[in-house]
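The values are calculated or read from the model by the stated rules, or taken from the named source; none is laboratory data. Source: prediction; values computed, not measured. Note that each Cβ is placed from the backbone with ideal geometry, even for glycine, and that neighbours are counted across all protein chains shown. To get the accessible areas, we keep the full protein, side chains included, count just its heavy atoms, and leave off ligands, DNA and RNA. Shrake-Rupley method; radii C 1.70, N 1.55, O 1.52, S 1.80 Å.
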Amino acid sequence: MAKQPSRPESAAPSSTTGGLARVVRHEIASADRTICVHVGYPAQPRPVSALPWLLYLHAGGFVDGDVEAAECLTESLAATVPAVVVVPAYSLAPEHPFPAAPEDAFNTAEWVLRQARKLKVNKLDFAVVGEEAGGNLAIAVSQMLRDRGLPVPRAQWLIRPVTDPCLQHASCTSGAVPLQTLQRLASCYREYLPTPAASVHPYAAPAHASRMAGLPPTLIQVAEQDALRAEGEAFGRKLAEAGVSAETHVMPGACGDGVEESHDQCQVWLNEGAHFLRKYLAGDDDASSRLERRPAAKPSGWAP
């Protein structure tokens, strides 16, 4: 767990100006690694002492993607919610297999909770957001915060999340998923989850997790024509059966290369997600204080 103070790398205007006033880059400790965390502030913050914050986990199949690839999407999020958007450059497989990525994501959330005043965010007014592999990591962060007795997010927004390394739900409306797509998904999972134990751990395979209770209200978005549609719908049902407030929305048409890559054509996805988050990020501080700490559950460890 990161305990060292952050070291600001820079504090300069972002390369895009539509939604962000500035992006500050920090370095934090995560296990035996140092990772970079980008903190983006909206250009026109609400007139309050501190803004809500979002932890955004980028797409890329656990082996690819980066903070820069998600820049336009996170800029839009900052402006539309509005909120401070925190984006960690989490470790990628195969060099850093599971559990490096979820630990990096968790340590980023824990760092923001400790540094909330310095970062000028409302400590307890936060949500997690992620696309594809980032959706998987967003779920893991919610689980880890719950299991380790820390404040849980007020909401989680999962965009086309991958939740099942077994790929048992892989399908789309037109029939079976193309073999090439299945092979790509399977290859990413092999690099991310090199052991059988990792492939069934609840922080890696939330579709098979036995404990969903205590997770935050959830929005799941999948495309009408999407290899990940059935997987997302199945996870939404699993959450609802566990008593978690969950909405699964099937967005018209296809998703192209994903919302990060095709965000200009996916504005309806962003508007819907931002509307969902605003419903849960409007709580008062008195209500927040009652949720600040929950009793810690017995740590699950890395054995399933």
### Query
If you go through segment 120-158, how many residues are outside any strand (DSSP E or B), closer than 20 Å to V81 by Cβ and small (G, A, S)?
4
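Give, as residue ranges, the helices (runs of 4 or more DSSP H) completely inside segment 21-119 that count at least 1 residues that are more than 24 Å from Q143 (Cβ to Cβ).
Qualifying helices (runs of 4 or more DSSP H): 71-80, 116-119.
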### Query
Which of the residues that make up segment 91-122 are touching a helix residue (DSSP H, G or I) at 6+ places or on another chain (Cβ under 8 Å), free of Cβ contacts under 8 Å to residues at least 60 places away in the same chain and open to solvent by 10 Å² or more (accessible area, probe 1.4 Å)?
L92
## Note on the structure
All-but-one check, A204 against (1) open to solvent by 10 Å² or more (accessible area, probe 1.4 Å); (2) part of a loop (DSSP other than H, G, I, E, B), failing number (1)
### Residue list for segment 221-269, filter: in contact (Cβ under 8 Å) with a residue 60 or more places away in the chain and at positive phi
G258
#### Entry: Any pair with Cβ under 7 angstrom, 6 or more apart, that starts in segment 191-202 at a residue that is among the hydrophobic types (A, V, I, L, M, F, W, C) and ends at one that is assigned to a helix (DSSP H, G or I)
L193/S199; V200/H208
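For (1) open to solvent by less than 10 Å² (accessible area, probe 1.4 Å); (2) in contact with a Cys (Cβ under 9 Å, 6 or more places away or on another chain); (3) touching a residue at least 12 places away in the same chain (Cβ under 8 Å); (4) more than 27 Å from P194 (Cα to Cα), each residue gets a yes or a no:
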site	(1), (2), (3), (4)
Y56	yes, no, yes, no
E75	no, no, yes, yes
A78	yes, no, yes, yes
P82	no, no, yes, yes
D125	yes, no, yes, yes
V128	yes, no, yes, no
### Task
Go through (1) crowded, with 17+ Cβ neighbours inside 10 Å; (2) touching a residue at least 40 places away in the same chain (Cβ under 8 Å); (3) out of contact with any Phe, Trp or Tyr (no Cβ under 8 Å at 6 or more places or on another chain); (4) not in a helix (DSSP H, G or I) and name the single condition T163 misses.
(3)
